[in-house]
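Engineer: Quick one: the structure is below, questions incoming.
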Amino acid sequence: MHEIPPRSGAAFTLDRGQRLTVIDPQGEQVADLLAFVRDDIDEVISSGRTLDYLSRIYLTTPDPIYSNRSNILLRIVEDTVGRHDFLLTPCSRDTFRIIYGDEQPHRGCFGNLAEALAPYGIVPDRIPVAFNLFMNVPVDGTTGELKVLPPLSKAGDRIVLEAETDLIIGLTACSALQSNNGSFKPIHYRID
């Protein structure tokens, strides 16, 4: 079991057929997840393709997660929460400056992912919309208004994703107060 400390991130490889289990050990903590094809980092997780092909915004078991080239990168094989976000970009210095008015903003998930993924040759401009595990973003069906509400995850809840190809994974313990019901907690993960 690996731990990602609050407001930080990690990157690692996942081989085809391996399963990544992401656990919210304390509850109400978001984890931003990115996936890049290991042999070609231009192929990356795609919110747009995935939501288009599945015709809905909330993913759960047994949904596939597609790349920008319409290949399946991951498949959700277990999910104890059933509510994750695939609309919002990783929080960043600009998120904290624009939304929260911070004068000395934290680098956020974007900065944490950029640092963790740099050894794999992935530069910040390649970071797309993340699959935000446990993040609760309801959408008003009439107005389209988004709200960020506390995650529905409780202590010990998890999601398990199986790799359909060899991947580079970026994963965070999210840094945004609004996303995590006002506090920051760790995220646990394991690879099987």
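Engineer: Along the positive direction of the dipole of the chain (beta-carbon charges: Lys, Arg +1; Asp, Glu -1; about the Cα centre), which of SER46, VAL139, ILE76 reaches farthest?
Structural biologist: VAL139
Engineer: In debye to the nearest 20, how big a dipole does the chain give about its Cα centre with +1 on each Lys and Arg Cβ and -1 on each Asp and Glu Cβ?
Structural biologist: The dipole magnitude comes to about 260 debye.
Engineer: Going by average Cβ density within 10 Å per residue, which order do the peptides 138-151, 49-62, 14-27 take, highest to lowest?
Structural biologist: Details: 138-151: 12.2, 49-62: 14.6, 14-27: 17.4.
Going by the mean number of other Cβ atoms within 10 Å, highest first, we get 14-27, 49-62, 138-151.
Engineer: Using only helices, what value at 222 nm comes out for the chain when you add -39,500 (n - 2.57) per DSSP H run of length 4 or more and divide by the total residues, to the nearest 500 deg cm²/dmol?
Structural biologist: Numbers: 3 runs with 24 residues, N = 192.
It comes out at -3500 deg cm²/dmol, rounded to the nearest 500.
Engineer: What FRET efficiency would be calculated for the residue pair GLN178, ASN71, taking the C-beta separation as r and a Förster radius of 30 Å, to the nearest 0.05? Before the final figure, lay out each step's value.
Structural biologist: Numbers: r = 33 Å, r/R0 = 1.10.
The calculated FRET efficiency here is 0.35.
Engineer: Which length gain, in nm to one decimal place, applies between ILE98 and ILE191 when the Cα-Cα distance is subtracted from 0.36 nm times their residue separation?
Structural biologist: On the way: separation 93, 0.36 × 93 = 33.48 nm, distance 3.62 nm.
The span from ILE98 to ILE191 would gain 29.9 nm if fully extended.
Engineer: Residues with amide H under 5 Å of GLU78's amide H, sequence separation 5 or more or different chain, H placed in the peptide plane at 1.01 Å from N; which?
Structural biologist: For GLU78, the qualifying residues are VAL160.
Engineer: Treat the range 29-119 as a sphere of radius equal to its Kirkwood radius over Cα pairs and apply Stokes-Einstein at 10 °C in a medium of 1.306 mPa s; give the translational diffusion coefficient in µm²/s, rounded to a whole number. Intermediate results must be reported in sequence, preceding the final value.
Structural biologist: Values: Rh = 14.7 Å.
Once the numbers are plugged in, D ends up at 108 µm²/s.
Engineer: Sorted by packing (mean other beta-carbon atoms within 10 Å per residue), highest first, where do 123-133, 164-174, 37-47 land? Don't skip to the end; give the middle numbers.
Structural biologist: Values: 123-133: 19.5, 164-174: 24.0, 37-47: 17.5.
Per-residue mean Cβ counts within 10 Å order the peptides as 164-174, 123-133, 37-47.
Engineer: Using the Cα centre of the range 84-187 as the reference point, and only Cβ charges (+1 on K/R, -1 on D/E), how large is the resulting charge dipole? Debye, rounded to the nearest 20.
Structural biologist: Values: 8 positive and 12 negative charges, 60 e Å.
The dipole magnitude comes to about 280 debye.
Engineer: First select every other residue whose beta carbon is under 12 angstrom from the beta carbon of VAL81; then total the charges, Lys and Arg +1, Asp and Glu -1. Can you show the working numbers first?
Structural biologist: Numbers: positive: ARG83, LYS154, ARG158; negative: ASP24, GLU28, GLU78, ASP79, ASP85, ASP157.
So the environment of VAL81 carries a net charge of -3.
Engineer: A further question follows. Please give the charge dipole size of the range 17-67, origin at the Cα centre, charges +1 on K and R Cβ atoms and -1 on D and E Cβ atoms. Round to the nearest 20 debye. If you can, show how the numbers build up before the last one.
Structural biologist: Details: 4 positive and 9 negative charges, 38 e Å.
My answer is approximately 180 debye.
Engineer: Put +1 on the Cβ of every Lys and Arg and -1 on every Asp and Glu Cβ in the range 50-192; which of ILE191, ALA130, HIS106 then has its Cα farthest towards the positive end of the dipole?
Structural biologist: Comparing the listed Cα positions along the dipole, HIS106 ranks first.
Engineer: At a Förster distance of 30 Å, what's the computed FRET efficiency of ASP140 paired with THR80, Cβ-Cβ distance as r, to 0.05? Present the calculation step by step, with values, prior to reporting the outcome.
Structural biologist: Details: r = 26 Å, r/R0 = 0.88.
With a Förster radius of 30 Å, E is 0.70.
Engineer: Right, here's the next one. Sticking with the crude label model, points 7 Å out along Cα→Cβ, report the distance from GLU115 to ARG19 in nm, one decimal please.
Structural biologist: Modelled inter-label distance: 3.2 nm.
Engineer: I want to make sure I understand the PRE zone here: with the label point 7 angstrom from the Cα of LEU54 toward its beta carbon, which residues in the range 83-99 have backbone N atoms less than 18 Å away?
Structural biologist: In the range 83-99, the label zone of LEU54 (backbone N under 18 Å from the point 7 Å along Cα→Cβ) covers 83-90.
Throughout, read-outs are computed from the coordinates displayed, never taken from laboratory work. What you see is a predicted model; the values in this text were computed from it and never measured. As a convention, Cβ positions derive from the backbone with ideal geometry for all residues, glycine included, and neighbour counts pool all protein chains shown.
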